[in-house]
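All remarks here apply to the structure that follows.
The values are calculated or read from the model by the stated rules, or taken from the named source; none is laboratory data. These numbers come from a predicted model, not from an experiment. Virtual Cβ from ideal backbone geometry, glycine too; neighbours counted across all protein chains shown. Side chains are part of the model used for accessible areas, which takes the heavy atoms of the whole protein and leaves out ligands, DNA and RNA. Shrake-Rupley method; radii C 1.70, N 1.55, O 1.52, S 1.80 Å.
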Amino acid sequence: MGVFIPLDYDISRIKNATEVRVVENLRDRLSDSWHIIPNLDIAKENRPYEIDVLLIHKEYGLIALEVKGGPVEVRQGQWSRRHVPFDVAPPKQAQNAAYALRDELKDSDESLEHIHVAHGLVLPDVVSVSNSDIIDIERKQLFLREDVENFKDRVIDLALMSHRSQPLTDVQATAIIEKVRPDIEFVWDPQSQARNARISLDRIMREQTRALATLDQNQNVYVQGSAGTGKTKLALQWARRALSRDDSTIITCFNIPLGHYIASQFGELDEIYAGYFEDIVAKLPGLPPLPAKPTDPTQLENYYGLTLPRHILKNIDKIEIRFDTVIVDEIQDFHAMWVHVLLALLRSDGPRRFLTVGDEKQNLHGREGVQAVLAFRPTRAELRTNCRNAQRIGELLHSMGGAEVASASPEGEVFVIEANTIEEATEAVITEVQEMLHTEVWDADRILIATIGQNERQALLAASTDALRFTSYEESAEGTITCETVHRAKGLEYDVVVLVAPREDVRDQLMYVGASRAITRLVVIAPAPLFARMGIA
């Protein structure tokens, strides 16, 4: 969605119904890279000018739009509406206002000395105009009814038709906003763009998950959703609804970082056990201490899949607490016996709600949690739209088998950096992150380094310095960069993700999960053949 300046602009301030319609179309059909300023007055000594809508884009510059509603027509060079000639022909009116703004900007700041303001005329009630009758304006500058329905491509065409149009720097964009809207504080930088993107995406996701929140009226539920469709947010909504009913509740997952995030949403509430599975069961009152975990990594899967759940089920009658509602996020990560453990913890005389969300495409461990849930014939539903990732990232994920990205989502960025060894990848990560921190001024806590394996992660942790610290999710602090494997990052989201995969033999599933962590910017550091396989060569 296009972004208003100011962000909370009240569209009801526009008194002209045609202009309202045009502004709403611009807002809904442009990406968040476009900023929209309606009703801009320009005071000049000889006469005032008004720009009905000013569009600002870092790549495409400035576009001033004049809007004329009703049956506008042009015959033999004469512009009129309902057969009444205009005092000033609309194309000339649009041009004059654009030139007036250009001159004001040039005089206000030396960085805007060579600024160009393109101009266009919007006639939303006109179906067609004879090309032979059009004067003082090119067809690309003219927006008729059908063009309003396709604003995004048409405004880009208009911007590109002039050789004087040029990208804006952050300094120029900020100077323009300060001049035309001096009454608001506005900083044009990547982090501000990301913040606006999160606001837009959160709104879309809330609308999607709200419709499925009432599924908790059923006893057994499974909701399928690809990466970015809002599974965790739905699970959290279920948990809050359960607490509002005074249900004793568990909300859990397999992943430790995701478990910490879920727990952080509920503070120290006694009515809910929130966190990753192993931590939750270890806290159950009355359960004997968990068996010792093997030090051999090859034995861990057997410990989690058999030893741990067997211990709990063997001692189930010793556990002093039972629950009304159990909620599982990323159920595909669960062993089948964990499902039976959680069902055994439901109170026999209670509502026995067992609510789960998951995505088989993200089953990196090859476990059977989903199959175990489906065996109980749950009420099923699907989250169909990716509401986490910006357009370019979402389109990439869609091509890899993910959900279709929300049409109103922000634009976003995808970049690639070729690296064929861990050493090359480590150097590329350091260079890229330093650029983000010091030139683009990103906050460190907005960035995730997601590595394809432990070797790549260990290389980055070893490369940490006092000036550039890479840490685990649990050790992250102000000024540090979180660096985790894709497996551990599953379920998390960050404004910026640097996906590190410096070898070709990487499963598509891992690349999909890693890329899906990024909200507005994705940087893939990998060999060139891997880019081609992902469709971003």
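Summarised in one figure, the compactness ratio Rg/Rh of the range 396-460, Cα atoms and Kirkwood Rh, is 1.03. For the range 408-537, what D do you get in µm² per second when you plug the Kirkwood radius from alpha-carbon pairs into Stokes-Einstein at 10 °C and 1.306 mPa s? So the translational diffusion coefficient is about 110 µm²/s. By DSSP, what percent of the beta bridges with both residues in the chain are antiparallel, rounded to the nearest 5? Of all bridge pairs located within the chain, approximately 25 percent are antiparallel.
What percentage of the solvent-accessible surface of the range 1-146, computed with a 1.4 Å probe over protein heavy atoms, is contributed by carbon and sulfur atoms? Of all accessible area on the range 1-146, carbon and sulfur atoms account for 42 percent.
Taking amide H atoms as placed 1.01 Å from N in the peptide plane, the amide H of residue 346 lies under 5 Å from those of 323, each 5 or more residues away in sequence or on another chain. What pairs in 15/140; 233/314; 318/490 have C-alpha atoms more than 30 Å from each other? Violating the 30 Å Cα-Cα cut-off are 233/314; 318/490. Applying the Karplus relation 6.51 cos²θ - 1.76 cosθ + 1.60 with θ = phi - 60° to the range 205-216 yields 3J(HN,Hα) values of 5, 4, 5, 6, 6, 4, 5, 9, 4, 6, 4, 5 Hz, where x marks Gly and Pro.
Within the accessible surface of the range 352-479, defined with a 1.4 Å probe on protein heavy atoms only, the carbon and sulfur portion equals 43 percent. P(r) for the chain, from all Cα pairs and a bin width of 20 Å, is 20, 43, 27, 9, 1 %, short bins first. Between amide H atoms placed 1.01 Å from N, distances below 5 Å from residue 4 occur with 36, all of them 5 or more places distant or on a separate chain.
Straight-line reach from residue 283: taking Cα to Cα under 16 Å and skipping same-chain neighbours fewer than 8 places apart, the aspartates and glutamates in range are 268, 270, 271, 317, 320. Protection proxy ranking for 338-348, 30-40, using the average of other Cβ atoms within 10 Å per residue and placing the highest first: 30-40, 338-348.
For the pair residue 81 and residue 240 in one chain, pulling the backbone fully straight at 0.36 nm per residue adds 51.5 nm over the alpha carbon distance.
Expressed as a whole percent, the accessible area of the range 211-345 that falls on carbon and sulfur atoms is 51 (1.4 Å probe). Sorting the segments 523-531, 416-424 by their residues' average number of neighbouring beta-carbon atoms within 10 angstrom, most packed first, yields 523-531, 416-424. Taken along the Cα-to-beta-carbon direction at a fixed 7 Å, the label points for residue 28 and residue 178 span 3.7 nm. Here each label is just a point 7 Å from Cα along the line to Cβ, and for residue 298 and residue 404 those points are 4.8 nm apart.
Looking only at the range 40-183, where both bridge partners belong to it, what percent of the DSSP beta bridges are antiparallel (to the nearest 5)? Of those bridges, close to 65 percent are antiparallel. Over the Cα atoms of the range 312-462, the radius of gyration divided by the Kirkwood radius equals 1.09; this is the Rg/Rh ratio.
Each of 84, 54, 23 was scored by the projection of its Cα onto the charge dipole of the range 22-150, and the greatest displacement toward the positive side belongs to 84; charges sit on the C-beta of Lys, Arg, Asp and Glu.
Remark: the residue 508-residue 156 segment gains 123.3 nm on full extension, using 0.36 nm per residue and subtracting the alpha carbon distance. Working note: 222 nm ellipticity from helices only, DSSP H runs with n ≥ 4, each -39,500 (n - 2.57), summed and divided by the residues of the chain, gives -10000 deg cm²/dmol to the nearest 500.
For the pair residue 73 and residue 352, the difference between a 0.36 nm per residue extended length and the Cα-Cα distance amounts to 93.6 nm. P(r) tail, the range 1-75: Cα-Cα pairs separated by more than 17 Å, 47% of all pairs. Shape summary of the range 1-152, radius of gyration then Dmax from alpha carbon positions: 15.3, 45 Å.
A convex hull fitted to the Cα coordinates of the range 239-396 yields 144 cubic angstrom per residue. Solvent-accessible area per residue in the chain equals 44 Å², computed with a 1.4 angstrom probe and all protein chains kept. The label point for residue 532 and the one for residue 477, both projected 7 Å from the Cα toward the Cβ, are 4.6 nm apart. Hey, if you drop one equal point scatterer on each alpha-carbon of the range 282-364 and run the Debye formula without solvent, what base-10 log of I(q)/I(0) do you get at q = 0.16, 0.17, 0.18 Å⁻¹? The computed values of log10 I(q)/I(0) come out as -0.70, -0.79, -0.87. Normalising the average separation of contacting C-alpha pairs (under 8 angstrom, six or more residues apart) by the number of residues puts the relative contact order of the chain at 12 percent. For the peptides 444-453, 394-403, 325-334, the ranking by mean Cβ contacts within 10 Å, running from highest to lowest, is 325-334, 444-453, 394-403.
Dimensions of the range 468-537 from C-alpha coordinates, computed as largest minus smallest value along each principal axis and given longest first, are 36, 22, 20 Å. For the Cα trace of the range 329-378, dividing Rg by the Kirkwood Rh returns an Rg/Rh value of 0.99.
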